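A short reminder: the numbers here are calculations on the coordinates, not readings from a lab. These figures come from a predicted structure and were not determined experimentally. Positions of Cβ are backbone-derived with ideal geometry, glycine not excepted, and every protein chain shown enters the neighbour counts.
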Amino acid sequence: MERLDQNRQNAIDFYEMMFNACEPRRAIERFVGAHYRQHNPHVVDGKEGFIAYFERMAREYPGKEVRVVRTVAEGDLVVLENTGAAFLYGRERHNYITGCPEDDCHGSIRRNPIRVANLDPDFVVDLGWSDYLAGRDPWIERALELSAE
């Protein structure tokens with residue numbers, strides 16, 4: 001396997017292991033050298049910060065998945081483009097119209113309120129029984145179409 005192809009595959013395998021398989025410690029041990037620099041401001045720099053963050057994400061968002069849709073590799077650099085879509089469900093009480101000022105709302109929502117004008121969907125996609133039987137997800141397909149524009 002050529003070096004660029006191996007680098008690309010290593011990056012994909014790292015991403016799959018740490019994010020989709022929810023095994024960040026194993027991914028760090030297998031793919032990361034002596035030092036790890038984190039560029040996400042919400043994650044503590046270094047290997048242990050990375051592991052702690054993604055172990056917490058695995059607990060808080062079971063079943064999460066990100067799909068790599070394209071890669072670019074040059075020299076020792078590999079860029080993974082993913083769907084960028086996060087489909088999560090709410091387990092806490094939220095009020096997206098008022099920003100949830102009530103005391104019984106989740107603390108992070110009170111500190112960082114999300115306010116929207118309405119709760120109408122950005123787009124509507126019909127889902128039929130034939131889509132379900134075929135294993136298709138028209139909503140994801142439409143979201144991917146929009147992200148490619």
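Here the label points at ARG25 and ARG136, each 7 Å from Cα along the C-beta direction, are separated by 4.3 nm in the simple model. Placing +1 on the Cβ of every Lys and Arg and -1 on the Cβ of every Asp and Glu, with nothing else charged, gives the stretch 3-82 a dipole about its Cα centre of roughly 80 debye.
The value given for the stretch 3-82 is a Kirkwood hydrodynamic radius of 13.2 Å, derived from the mean inverse Cα-Cα separation.
Under the simplified labelling scheme, the ALA34-LEU80 pair shows an inter-label distance of 2.6 nm, with each label point 7 Å from Cα along Cα→Cβ.
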